[in-house]
Each structure stands twice: as C-alpha cells, then as structure tokens.
Amino acid sequence: MVARMTNLATHPPRVAEHEVLPLLVARWSPRAMSGEPLAAGALARLFEAARWAPSGGNVQPWRFVYAETGTPEMAAFLDLLEPGNRVWCVRAAALVVVASQTTLADGRPHPTHAFDAGAAWMSLALQGSSMGLVVHAMGGFDRARAPAVAGLPDGWAVQCMIAVGRPGRVEDLPERLQAREGPSSRKPVGEIAFRGRFGAGA
C-alpha cells in the first residue's frame with residue numbers, strides 16, 4: 001500500500017477548470033489489478049450503464065462480448081492483445097470486446113456507429129469507476145482476428161477492448177509501467193473548444 005500511495009503522489013491531482021461532476025474528473029485508466037474475480041452481478045451493472053447511453057435514432061449499435069478469468073474464452077481474448085497490454089491484463093477479471101454495427105436495418109451505412117459505441121463505453125467506464133473497479137480501454141490488439149474470436153457477424157466492427165478488474169498493487173506491474181500508474185492530465189478547454197471556427201479563440 002505504501003508503494004501505491006507514493007506512486008500516486010508523483011502525479012499532480014486533477015483539477016477541473018470549470019465546475020463539473022466530480023466523477024468525470026476522478027475517472028482514469030489504471031492498469032494494476034488483483035486477478036480476483038468480480039463480485040456477482042458487477043459486469044451486469046457495467047452493461048446496464050452502457051445500455052442507457054445516448055443513441056442516434058435509438059439504434060443502439062453497440063455490443064459487448066466478454067470473457068471472464070479462468071475460462072477458455074479468456075485465454076483466447078488475452079491472446080488477441082499486443083504483448084505490452086497482455087503483460088498487465090493477465091490480472092484482469094474480465095476482458096470485453098466492444099463492437100458496433102456499421103449498417104442500418106435497411107442496409108445503408110450507419111454514419112455514427114462508432115460515435116455511439118464510444119458513448120456507451122463512457123457510460124460503462126463511469127459506472128465502473130463509481131464502483132471502485134479498474135476499467136481500462138485499449139486499442140492495442142489484433143484487429144484482424146478479433147471479429148472471429150468474438151464471433152461477430154458480418155456488418156459489425158470492433159472498436160476497442162476493455163480490461164475490467166479489482167484494483168491491485170502497483171508494484172506488481174512491470175517496472176516501466178509503475179511510474180505511469182496515476183491519473184494523467186488533460187488539455188485545457190481553450191485547446192479543445194473554439195467559437196465559430198477551428199482554432200479560433202473562445
């Protein structure tokens with residue numbers, strides 16, 4: 001526990017420029033997990049949160065395919081990860097493939113499928129953070145093989161993978177990751193929001 005506290009002290013506390021919900025500032029993406037299974041119903045609560053995300057036309061084009069620790073599916077999902085992610089995800093309680101439907105019911109391309117899936121992921125992430133869980137999305141995995149491993153039908157695209165687990169000890173991470181185990185900073189509002197034209201002042 002001392003190592004965890006010392007490590008986190010190297011990261012400046014997050015401070016919002018404007019008043020927002022505290023949960024938004026508190027959420028971050030740890031890697032240290034204990035390897036313990038989740039409590040019964042915990043994953044269902046995460047997916048319930050994602051269920052209520054905003055959705056254009058109420059299409060809800062997101063799906064979650066998951067595997068839990070100790071199962072053959074978990075081994076297959078771990079094998080999808082790039083080595084740099086696999087090394088810490090071996091202690092995850094669950095891995096989740098996030099997919100989105102690329103076409104509408106009438107066959108037309110769905111222009112916002114990835115955007116909507118991202119909204120669902122954020123709802124899931126905030127719920128997990130409120131429950132004291134590690135919830136970490138990743139882009140480092142084999143995108144070519146992921147659809148087959150997850151059993152996706154045609155017309156579905158993988159957007160990311162998510163590691164979920166109980167918090168663990170920072171010192172159990174590879175040394176190169178220990179110093180990174182803390183909340184990261186964010187760009188100021190003035191660098192991400194512009195009045196009238198990209199790059200213009202507020």
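Name, by its number, the condition in (1) surrounded by fewer than 16 Cβ atoms within 10 Å (Cβ to Cβ); (2) of a type outside the set (Lys, Arg); (3) touching a residue at least 12 places away in the same chain (Cβ under 8 Å) that does not hold for Ala117.
All conditions pass for Ala117, except number (1).
What pairs come up if the first residue lies in segment 181-202 and is among the acidic types (Asp, Glu), the second is in a helix (DSSP H, G or I), and their beta carbons are under 7 Å apart, counting only those six or more places apart or on different chains?
Every condition considered, the pairs that remain are Glu181/Asn7; Glu181/Val170.
For every residue, the table says whether it meets (1) surrounded by fewer than 16 Cβ atoms within 10 Å (Cβ to Cβ); (2) modelled with pLDDT of 95 or more; (3) of a type in the set (A, V, I, L, M); (4) more than 27 Å from Ala119 (Cα to Cα).
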position	(1), (2), (3), (4)
Leu152	no, yes, yes, no
Trp156	no, yes, no, no
Gln159	no, yes, no, no
Arg166	no, yes, no, no
Val170	no, yes, yes, yes
Leu173	no, yes, yes, yes
Ala179	yes, no, yes, yes
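Quick one: which of Gly168, Gly151 is under 27 Å from Pro61 (Cβ atoms) and either in contact (Cβ under 8 Å) with a residue 60 or more places away in the chain or touching a helix residue (DSSP H, G or I) at 6+ places or on another chain (Cβ under 9 Å) (or both)?
Gly151
Please determine, by comparing only the residues of segment 44-76 that are among the aliphatic types (A, V, I, L, M) and surrounded by fewer than 17 Cβ atoms within 10 Å (Cβ to Cβ), which one is farthest from the chain's Cα centre (by Cα). Lay out the reasoning, then the answer.
Here is the first cut: in segment 44-76, the residues among the aliphatic types (A, V, I, L, M) are 44, 46, 49-50, 53, 59, 65, 67, 74-76.
If we keep only those that are surrounded by fewer than 17 Cβ atoms within 10 Å (Cβ to Cβ) too, we end up with 44, 59, 75-76.
Details: Ala44: 16, Val59: 21, Ala75: 19, Ala76: 19 Å.
Looking at the filtered set, the residue picked out is Val59.
Considering segment 175-198 alone, what residues qualify as being outside any loop (DSSP other than H, G, I, E, B) and under 18 Å from Val25 (Cα atoms)?
Those that are outside any loop (DSSP other than H, G, I, E, B) and under 18 Å from Val25 (Cα atoms): Val189, Gly190, Glu191.
Which one is surrounded by the most Cβ atoms within 10 Å (Cβ to Cβ), of the residues in segment 131-146 that are in contact (Cβ under 8 Å) with a residue 60 or more places away in the chain and over 14 Å from the mean Cα position of the chain (by Cα)? First the steps, then the outcome.
Start the filter on segment 131-146 by keeping residues that are in contact (Cβ under 8 Å) with a residue 60 or more places away in the chain, which leaves 131, 133-137, 141-142, 145-146.
Then drop every residue that is not over 14 Å from the mean Cα position of the chain (by Cα), which leaves 131, 142, 145-146.
Details: Met131: 16, Asp142: 13, Arg145: 13, Ala146: 21.
Once the filter is applied, the top-ranked residue is Ala146.
Which ones in segment 99-112 are out of contact with any helix residue (DSSP H, G or I) (no Cβ under 6 Å at 6 or more places or on another chain) and under 23 Å from Phe77 (Cα atoms)?
Ala99
Would you confirm whether any residue within segment 14-36 is at pLDDT 95 or above, among the small types (Gly, Ala, Ser) and surrounded by 19 or more Cβ atoms within 10 Å (Cβ to Cβ)?
Yes.
Limited to segment 156-202, what total is found for residues that are farther than 23 Å from Leu43 by Cα and aliphatic (A, V, I, L, M)?
9
With (1) farther than 23 Å from Arg45 by Cα; (2) touching a strand residue (DSSP E or B) at 6+ places or on another chain (Cβ under 6 Å) as the list, and Ala105 as the residue in question, which single condition is left unmet?
(2)
Against the condition in a helix (DSSP H, G or I) and free of Cβ contacts under 8 Å to residues at least 24 places away in the same chain, how does Ala44 come out, does it pass?
Here the answer is yes, as Ala44 does meet what is asked.
Return yes when Arg14 is within 22 Å of Ala92 (Cβ to Cβ) and either touching a helix residue (DSSP H, G or I) at 6+ places or on another chain (Cβ under 7 Å) or in contact (Cβ under 8 Å) with a residue 40 or more places away in the chain (or both) and no when it is not. It would help to see each step written out before you state the result.
Numbers: within 22 Å of Ala92 (Cβ to Cβ): no; either touching a helix residue (DSSP H, G or I) at 6+ places or on another chain (Cβ under 7 Å) or in contact (Cβ under 8 Å) with a residue 40 or more places away in the chain (or both): yes.
So Arg14 does not fit the description; no.
The values are calculated or read from the model by the stated rules, or taken from the named source; none is laboratory data. Just so we're clear, the structure is a prediction, and the values are computed from it rather than from any experiment. Cβ sites come from the backbone with ideal geometry, for glycine too, and all protein chains shown count toward neighbours.
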